[in-house]
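Engineer: Dropping the structure in here first, questions after.
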């Protein structure tokens, strides 16, 4: 079975900042959205 890769915490945080920034382009936002969709879900306490 193929190893599942997840976006790391720092990368997900950076992607979130890209999506919130009004100055970033469409392609950047598309890549950031893709990275966030692969991020591991937050754990509930």
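Read-outs throughout are calculated quantities, based only on the coordinates presented, and are distinct from any laboratory measurement. Predicted, not measured: the structure shown is a model, and the values here were computed from it. Reconstructed Cβ throughout: ideal geometry from the backbone, glycine too, with neighbour counts over all protein chains shown.
Engineer: Being assigned to a helix (DSSP H, G or I) and out of contact with any helix residue (DSSP H, G or I) (no Cβ under 7 Å at 6 or more places or on another chain) is the filter here; which residues of the stretch 1-19 pass it?
Structural biologist: Listed by number, the residues that qualify are 9, 10, 13, 14, 17.
Engineer: Would you tally the residues in the stretch 20-45 being in contact with a helix residue (DSSP H, G or I) (Cβ under 6 Å, 6 or more places away or on another chain) and either exposed (fewer than 14 other Cβ atoms within 10 Å of the Cβ) or outside any helix (DSSP H, G or I) (or both)?
Structural biologist: 2
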